[in-house]
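Notes follow once the structure below has been shown.
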Amino acid sequence: MERPRHQGMAKNTYMRWRLPLVCLLWEVAMIVLFGVFVRFSPEADAHWEEEKREMNLTSDMENDFYFRYPSFQDVHVMIFVGFGFLMTFLKRYGFGAVGFNFLLAAFGIQWALLMQGWFHSFKNGKILIGVENLINADFCVGSVCIAFGAILGKTSPIQLLIMTLFQVTLFAVNEYILLNLLHVKDAGGSMTIHTFGAYFGLTVTRILYRPNLEQCKDKQGSVYHSDLFAMIGTLYLWMYWPSFNSAISDHGDAQHRAAINTYCSLAACVLTTMAFSSMLQKKGKLDMVHIQNATLAGGVAVGTSAEMMLTPYGSLIVGFICGIVSTVGYVYLTPFLESRLHIQDTCGIHNLHAMPGLIGGIVGAITAAAATEDVYGKEGFIKAFDFTGLYQTRTPSIQGGFQAAGIVVSVLIALAGGSLVGAILKLPLWGDAAAENCFEDDIYWEVPEDEESDAYHMHNPDKPASP
Amino acid sequence: MERPRHQGMAKNTYMRWRLPLVCLLWEVAMIVLFGVFVRFSPEADAHWEEEKREMNLTSDMENDFYFRYPSFQDVHVMIFVGFGFLMTFLKRYGFGAVGFNFLLAAFGIQWALLMQGWFHSFKNGKILIGVENLINADFCVGSVCIAFGAILGKTSPIQLLIMTLFQVTLFAVNEYILLNLLHVKDAGGSMTIHTFGAYFGLTVTRILYRPNLEQCKDKQGSVYHSDLFAMIGTLYLWMYWPSFNSAISDHGDAQHRAAINTYCSLAACVLTTMAFSSMLQKKGKLDMVHIQNATLAGGVAVGTSAEMMLTPYGSLIVGFICGIVSTVGYVYLTPFLESRLHIQDTCGIHNLHAMPGLIGGIVGAITAAAATEDVYGKEGFIKAFDFTGLYQTRTPSIQGGFQAAGIVVSVLIALAGGSLVGAILKLPLWGDAAAENCFEDDIYWEVPEDEESDAYHMHNPDKPASP
Amino acid sequence: MERPRHQGMAKNTYMRWRLPLVCLLWEVAMIVLFGVFVRFSPEADAHWEEEKREMNLTSDMENDFYFRYPSFQDVHVMIFVGFGFLMTFLKRYGFGAVGFNFLLAAFGIQWALLMQGWFHSFKNGKILIGVENLINADFCVGSVCIAFGAILGKTSPIQLLIMTLFQVTLFAVNEYILLNLLHVKDAGGSMTIHTFGAYFGLTVTRILYRPNLEQCKDKQGSVYHSDLFAMIGTLYLWMYWPSFNSAISDHGDAQHRAAINTYCSLAACVLTTMAFSSMLQKKGKLDMVHIQNATLAGGVAVGTSAEMMLTPYGSLIVGFICGIVSTVGYVYLTPFLESRLHIQDTCGIHNLHAMPGLIGGIVGAITAAAATEDVYGKEGFIKAFDFTGLYQTRTPSIQGGFQAAGIVVSVLIALAGGSLVGAILKLPLWGDAAAENCFEDDIYWEVPEDEESDAYHMHNPDKPASP
């Protein structure tokens, strides 16, 4: 058996049987459940020709695939490259950032297809999936990627898989309450994805508090090239956010409008982030941490309202405010949360997702409450808020109230769920690293020997190079 | 106050109040102007259902969003990741390359929406924006990113914001003269974007000539990994260029054709670039500078003609020539421009944008002049050149003449505008670095301490690591 | 003339005249052949308005461009960034990986447009090209990129261009036999692209066997950041694979279904790859080589069947199996192939493309053989397998037999073609490096001097830095 490197390395991080067991068992479970439940939606089924005739569609172009596939691919890039590379900023945790994000997202989308399917696409005992389900699964996993940001570098892949299982489940429940019971609009997920994901992750990291993390303070920083890798993540999130917020909006004007609003909000956010990053530093220099993160807050904060008639200047105002809030959060709030509340938030998701998510929920509530038939047109008004059937008599101000309720519900479920999951993850079974080995790939990964890693590697020199 | 590092560091680069002030004031101005002027186009407005009825459209698919959104996202990636990472080749200026490009583009697209809006989308006192406006704003900013390439590493972010303000304004004026007054075709912007942007940037860098730049010659080179980062930029520009040149072409065949022509031209360009890169080096080795840049010249050079019936082999010929011209330019012209004309062109935009842009304008003029009803079909001929209304009687050869005039106008406005802006940027107010601090992130950015940067960092060792 | 660095460096790698000559001559040949043969398809031609009337199309949306362009761009990214960066894992061969991939793909797509055009789009003496041809050209080049993976680091760019010329030719022949003569379905190319490309490449590398490659074993490994660059390639391949497998499927349900099946297969594959990567390593650590490659096997293995009614759970099963097969292959088979069969497979394409490709062919044959009118619907059944005209009477089980024959044909042509091309490449004319200079950029590239490269560079210190 391997000799522990330091005397302090008491924890057993040996994953050889535990990680494979979890991965294989869960994947088998997915196969069984997909076999029982999941089938193609009519638009992806070979019976489509008949469907077309029945629906009186004259062109294959009317297949939802063509309305949503480009946006789906953009969202897909955000989840895997966007979140994955955003978290590579740590100098020696790049493999873990991009690799574990890959693992949890790949599992999460499968479980999300099932959970969201049971709630939203269940017909005659089967879940019928199409491109919109793929987008929603990616969305759901997005909230797990956000929570991952809070505990980055401090958890084992087994813990991450367990968190994913529970968080996806709770996400689907929360989403069902908001969208179906409260009849809330949240196409870009300010509440369901960002607020929920962030408070969930912050609660988990609070419960997993590590008092001795100071020891590896040096590893919590970046190096020059790791900051550039992280910028790949940042830019893909920033560029594709208009696709994110418009991906599942109604066909036509709603998708179009959501993309424009998000574009505007994000543009404004960059300028206030730069301004405050420079202003809050003694020497006026810009801080990569802010540029990598706070520039994205504008996208989070129009997640609910982007498909509404927020207007371009309204979007600019939201972006303006969120760049400031988020940057100030990184400078003053993150250290405070860590020292006083014992919330160790590796990526600062409180600044990038929690606060902008709350703002997004509030902006959505206000925008909904302020809606008028004059601004939306008679038909557009009904269509935008889906004031049909059961909700025919709902007024904008009531809708605004329900939107606000959606924020509260999301936060509460996140806190309760995060507490539960945090407690489970605290069990000494999951192979998490000791404090002095946090933020270090070497615990879970074969790390190549190189000039830069001399200080960290512990490889067998006889090991042949990778093929 | 901070003690200057070298005795030579005379210039004050302290940005703590100046950069935030500029960013915040200008963003507030954007909000006010957007509030007064910018609204959604009918296709992005909630009244779309009524619009559809009026226009007799049967499907949401007819919304321009679905014709252009995928191309828009590709263009968006080119501006932020393409140009941003292309410029990360410098060994210690990666943060500035990708970060300042981010800043100027985020500001520029807002100002471009206004400027181009006033000229092209102004109805009843309002600018009505849709996805095509977003593309055009990105295009306009593209010309600023090009100019940025000439002055990369030698200017402060404040200077870049000032340049962006003026260049976007002049771009919109030039574009209006070409497209509306001369009735010129230039969908991919050989003239309006590349020729204009390049000559503008070259004039600015000429006026900002720094005689002592030799001192930091070592920092103008690349390191191994910075060249790989730059290749990310190169490849995204190369791959998405067909989207760039087809993004705002007419629906249907024109978009289709523009993509094919650009694809062909770029493919040919890679081969001649490789050939001449090897041939012009004593030992026959390939030079990354050429591969990163000259391979893209083929896209620039079919910017005007791609949507015309240039034909695939015509495109190959254009790409063939431009790979040669551009590579030869890097080897012989760039050193000449620097030593004789005092034009210090960091990224070699003269080779990648100025010369190929001119070629593109000329190819466009010839292709237009050579157009016949036989080749285009009766309807196609009128549609391709928009020979309707006022221009009903224009013949191909006259159109060719106007196209040629467009080149001249673009160059002239670029030279005049660049001189003006260069003079403004020379004022000793904007915090630009001294010659010995050029091409160095450390002046404007918090740079993490790491093995590679030992020679450059000047951090306070007590500073806590970034969160 | 340059003095050889080591006494062992006997081979002449001097490319100054040979590489340019090949590039220029071949590009001229392309121009001539394009001039004679290639024209626009009706959907990209300016006569489109007339075509629309003739075909009774009411909207420009019916142009194939809008059905396929987003998928085309995703495929394009996979070829240039996906394959290019996937191969940057080697510590000192990043320029060669991404640069030579760029060169061979840029040449290959032109030659593929011609070869595939003569077989499939030839009308009245002209090849008529549209967006589908661009996708197919990228596909064809994909098989060359795969073969490149086997010989990565051991060949000169001239050899790569020669291989590309022959492999594209043989690809087109094999594809014609499968699709037209055997009437086989293979939209995602399990057989035509992956099986063919992999066995071709493995044969070539077998013939080019280098007995002394042990000398540069140290250069066959990765460094920390090169592994992160490679992950960019991996993730783009993984994310866009649904576009790859659906890009040329029939409009409507087939494209939709192919994307869903691929998404599912890839997700499952990640979990079993992680499981076996950990399980097969003594200390249970994950190996980046597996994560970078084996996670993609699920996409390869549904290449034939994704557009069929494979069902989501069927896709999960295929992905499940392939993650295991591929990872086990990296651990046990690659060393065996190298030591016993003298097949030096730099990137392990046997594990990522050959075996999953075979599995994909078999899964396709079984899925086709198991098809029923009940599952597909009467119309869907005929449409899915194109059982019209000559093939009106073909039954699923016969189709399954032909599919299986397609696998055999692909392997045989690959082995025969690979032997031929390997023999040609063995001629001592093409400037390949000596064994001790393999996996090293410095032979063919100007490599910047930097901290990391001290051990490798041999630059003239007087050489000015790149502009």
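Looking only at residues in region A:49-61 that are under 29 Å from A:N245 (Cβ atoms) and part of a helix (DSSP H, G or I), the one that is nearest to the chain's Cα centre (by Cα) is A:M61. Looking across C:A150, C:A106, one residue alone is closer than 30 Å to C:E214 by Cα, buried (at least 24 other Cβ atoms within 10 Å of the Cβ) and among the aliphatic types (A, V, I, L, M). It is C:A150.
Quick grid of which residues meet (1) in contact (Cβ under 8 Å) with a residue 60 or more places away in the chain; (2) not hydrophobic (A, V, I, L, M, F, W, C):
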| site | (1), (2) |
| --- | --- |
| B:A187 | yes, no |
| B:V223 | yes, no |
| B:D227 | yes, yes |
| B:A230 | yes, no |
| B:F244 | yes, no |
| B:Q255 | yes, yes |
| B:A259 | no, no |
| B:S278 | no, yes |
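What do you reckon, is B:M288 surrounded by fewer than 24 Cβ atoms within 10 Å (Cβ to Cβ), closer than 25 Å to C:D432 by Cβ and either out of contact with any Asp or Glu (no Cβ under 8 Å at 6 or more places or on another chain) or in contact (Cβ under 8 Å) with a residue 40 or more places away in the chain (or both)? Criteria not met by B:M288. Set side by side, the residues B:V98, B:V38, B:V32, B:V28 differ, and just one is facing chain A (nearest Cβ under 9 Å), in contact with a helix residue (DSSP H, G or I) (Cβ under 7 Å, 6 or more places away or on another chain), under 19 Å from A:T311 (Cβ atoms) and not aromatic (F, W, Y), which is B:V38. A single entry from A:I177, A:I193 fulfils the requirement of being more than 21 Å from A:E440 (Cα to Cα), surrounded by fewer than 24 Cβ atoms within 10 Å (Cβ to Cβ) and either away from chain B (no Cβ under 14 Å) or out of contact with any helix residue (DSSP H, G or I) (no Cβ under 6 Å at 6 or more places or on another chain) (or both): A:I177. Residues in region C:28-48 that are of a type outside the set (F, W, Y) and part of a strand (DSSP E or B): C:V38, C:R39. All conditions but one from (1) of a type in the set (D, E, K, R); (2) more than 24 Å from the chain's Cα centre (by Cα); (3) surrounded by fewer than 24 Cβ atoms within 10 Å (Cβ to Cβ); (4) at pLDDT 95 or above apply to B:D253; the one that does not is (3). Under the condition of being without any contact (Cβ under 8 Å) to a residue 24 or more places away in the chain, part of a helix (DSSP H, G or I) and within 8 Å of chain A (Cβ to nearest Cβ), the residues counted in region B:62-86 number 2. Residues of region B:15-25 that are surrounded by fewer than 15 Cβ atoms within 10 Å (Cβ to Cβ) and either within 7 Å of chain A (Cβ to nearest Cβ) or in a helix (DSSP H, G or I) (or both): B:L25 alone. Among the residues of region B:309-343, just one is surrounded by 24 or more Cβ atoms within 10 Å (Cβ to Cβ), under 17 Å from B:G201 (Cβ atoms) and polar (S, T, N, Q), namely B:S326. In region B:118-130, is there at least one residue being at the interface with another protein chain (Cβ under 9 Å from one of its Cβ atoms) and within 19 Å of the chain's Cα centre (by Cα)? Scanning region B:118-130, I find no residue that is at the interface with another protein chain (Cβ under 9 Å from one of its Cβ atoms) and within 19 Å of the chain's Cα centre (by Cα), so the answer is no. Restricting attention to region B:380-393 and to residues that are in a loop (DSSP other than H, G, I, E, B) and over 13 Å from B:K185 (Cα atoms), the residue that is farthest from the other protein chains (Cβ to nearest Cβ) turns out to be B:T393.
Of all residues in region A:72-91, which are at pLDDT 95 or above and of a type in the set (D, E, K, R)? Hit for region A:72-91 is A:D74, nothing else.
Residues checked against (1) of a type in the set (D, E); (2) facing chain B (nearest Cβ under 9 Å); (3) without any contact (Cβ under 8 Å) to a residue 12 or more places away in the chain:
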position	(1), (2), (3)
A:Q220	no, yes, no
A:Y236	no, yes, no
A:A247	no, no, no
A:G252	no, yes, yes
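Scanning region B:27-59 for residues that are modelled with pLDDT under 95 and of a type in the set (D, E) yields a total of 4. When region B:44-67 is filtered for residues that are surrounded by 24 or more Cβ atoms within 10 Å (Cβ to Cβ) and not hydrophobic (A, V, I, L, M, F, W, C), only B:N63 remains.
The values are calculated or read from the model by the stated rules, or taken from the named source; none is laboratory data. Fair warning: this is a prediction, and the values are worked out from it, not measured in the lab. Every residue, glycine among them, receives a Cβ derived from its backbone with ideal geometry; neighbour counts consider all protein chains shown.
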